Amino acid sequence: MRYQKPKGTADILPGESEKWQYVENVAKDVFNRYRFSEIRTPIFESYEVFQRSSGDTSDIVSKEMYDFKDKGDRHIALRPEGTAGVVRAYIENKLYGPEYQRPYKVWYKGPMFRYERPQSGRQRQFHQIGLEAFGSDSPELDAEVISVGLNFLNELGIDNLKVAINTLGDPQSRTDYHKALVDYFTPFKDQLSEDSKTRLEKNPLRILDSKDDSDKKLVENAPSILDYLNDASKARFEYLKSLLGDLGINYVVDPTMVRGLDYYNHTIFEFMVTDPAFNDKEITVLAGGRYNGLVEELGGKPEPGIGFGLGMERLMMLLKDDDIKVEDDLDVYLVTIGEKAERASVKILSNIRRAGLSADKDYLQRKIKAQFKTANHLNARYTVTIGDTELENDTANVKNMSTGEQVSVSLTNLPEELKKIEG
Ligand code: ATP
Ligand code: MG
């Protein structure tokens, strides 16, 4: 084999791509119902957009970025996630302006890039679907964003989800908690991983997210954010929980769940599944939260925002074939007998397709029997047979492949006749 795809990438082939389209269509339907519109931003941005958005101490920026200098010596990065680019576009296009609806709600889908060790459900080019809502700090919007994600997955037949929520409180609660974490971890500094020693200086919240075993042990007894919430933040969280209750959403509060950056606050959430597709290990499919400081961080005026991103590859692994409704039925298979019919078939096919029906034929000069076999194989609803006689008489033989019924119709009006038969 001469060339292989780059490590950590995948070809999505026909047979599979229909499933992706199905999922993307459901996303579009559900998100539209919630009045989110699609936004498409570049797959690369200035490095700094992600650096500022994800933060220097994040795995994304410190280890996983696909970045390079372009020919004009600009520092560019392939996007590792969707939010930063959307926020950049929100500011650059002044989408906070009075002519726009608030909250300003958008969704996106597309490839993301992270230099990671490839494994099941973890690629270097992977795909996310996500959404963002700007310009409202309302807890009702938090509940809506959680529920749109859940409804999307439910509509795909995925309902064994664990919805984990947490709050990071307002900036004051965060500052208090930050200090409590520093006080707690500092005496154990020597036992922390190298990464977490740095985090302790720069961003202690991230220690809670560490995958290192010795860090994890220390994290078990770390103070909980819930004990550092001020009254307003506590009341807000209680209200959100009651809204989720109204929506009939079963959730668990996970006080160790964090987003390490200062501009995250209040609500954060993750949807998890334990599924045979992942050896019954719990994995996160969707993750999101409120990021009221991010727009300002990227150079805009302060504007609240909230959103989530979900991994398509992990989602596809969870989908059972029964959950996916793929329509690839063929309306018409054209069977030709002889050279004249073969030539005429080019125009006939074109007419059928222009009339809105799907149609195909044999391009390998095979015998009639083989052509019918292909028609069966392709699940054609009808075959249309033409030979010299049909061409002379301006007729065509139409056969209903499920009933075996045959009728002779006008060849000139074939598309109309077919549509009549179809009803
Ligand atoms: P993890 O802890 O699994 O690395 P993460 O915190 O890096 O996840 P997010 O940045 O929150 O993930 O991205 C949201 C979702 O995108 C994840 O829940 C997952 O479904 C998906 N995802 C993230 N990285 C990858 C990857 N390398 N390959 C495939 N899907 C991914
Ligand atoms: Mg990761």
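What follows draws every value from the coordinates through simple rules; no lab data is involved. Just so you know, these numbers come straight off a predicted model, no measurement behind them. Positions of Cβ are generated from backbone atoms using ideal geometry, with glycine treated the same way; all protein chains shown enter the neighbour counts.
Tabulated values for the structure
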quantity: Candidate aspartates and glutamates - alpha carbon under 13 Å from residue 399, same-chain residues fewer than 8 apart omitted; calculated: 331, 417, 422
quantity: Calculated diffusion of the chain, Stokes-Einstein form, Kirkwood radius summed over Cα pairs, 4 °C and 1.567 mPa s, µm²/s; calculated: 52
quantity: Mean Cβ count within 10 Å, highest first, over the residues of peptides 384-396, 158-170; calculated: 158-170, 384-396
quantity: Computed lengthening from residue 18 to residue 353, 0.36 nm per intervening residue step minus Cα-Cα distance; calculated: 118.6 nm
quantity: The range 283-383: GluC sites (Glu not before Pro) falling in loop per DSSP and having at most 16 other Cβ within 10 Å; calculated: 327
quantity: Amide H contacts under 5 Å for residue 253, placed H, 5+ residues apart; calculated: 165
quantity: Label-point separation, residue 201 to residue 296 (7 Å along Cα→Cβ), nm; calculated: 2.7
quantity: Reference-scaled alpha-carbon Rg (2.2 N^0.38 Å with N residues) for the range 332-422; calculated: 0.96
quantity: Span from the the range 17-32 Cα centroid across to the the range 137-210 one, whole angstrom; calculated: 29
quantity: Shape metrics for the range 226-354, restricted to C-alpha atoms - Rg then Dmax, Å; calculated: 26.2, 84
quantity: Cross-link table 5/320; 19/320; 216/281; 19/373; 63/197; 211/281, entries beyond 19 Å C-alpha to C-alpha; calculated: 5/320; 19/373
quantity: Hydrodynamic radius (Kirkwood) for the range 119-207, which is based on Cα pairs only, to one decimal in Å; calculated: 16.9
quantity: Taking N as its residue count, the alpha carbon Rg of the range 198-267 over 2.2 N^0.38 Å; calculated: 1.28
quantity: Tensor-based shape of the range 131-287 (alpha-carbon gyration tensor, a/c under 1.5 rounded, otherwise prolate or oblate); calculated: oblate
